[in-house]
């Protein structure tokens, strides 16, 4: 397992990796982004399990074809998360559809989400 410090990708590219998509979806501040680590293509941040859940949901959706991009090799096998490149517009469309399914707890902050159901 390769664990590295998170480094944002090119924000102007039409393609995005799983870690960038999940970090953007989570809405992390610049200070929080500096604390993110990436293990085998999936980002993690202590105290923020939702980040990993979002990355896993994006990965699963990509493998199932719900998000367009480079997700499988020429033999049709799933690429590992660290090698996947997704179409940014397709990611945005997927995230917008999923955000409608996330529940909000009574305190107004994001509660237990239905992320696991998206996998």
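Laboratory data are not the source of any read-out in this text; all were calculated from the coordinates shown. All figures in this text were calculated on a predicted structure; none of them were measured in a lab. All Cβ positions, even for glycine, are placed from backbone atoms using ideal geometry, and neighbour counts span all protein chains on display.
Results, tabulated for the structure shown:
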item	result
Sorted by Cβ density within 10 Å, fewest first, the residues 67, 18	67, 18
Chain lengthening between residue 66 and residue 10 when straightened (0.36 nm per residue, less Cα-Cα)	17.9 nm
Global size of region 3-109 as Cα Rg and Dmax, reported in angstrom	13.7, 48
Difference of contour (0.36 nm per residue) and Cα-Cα distance, residue 48 to residue 101	17.2 nm
Modelled FRET efficiency - R0 22 Å, residue 37 with residue 82, Cβ distances, 0.05 increments	0.95
Computed label-point distance, nm, for sites residue 3 and residue 73 using a 7 Å Cα→Cβ extension	2.7
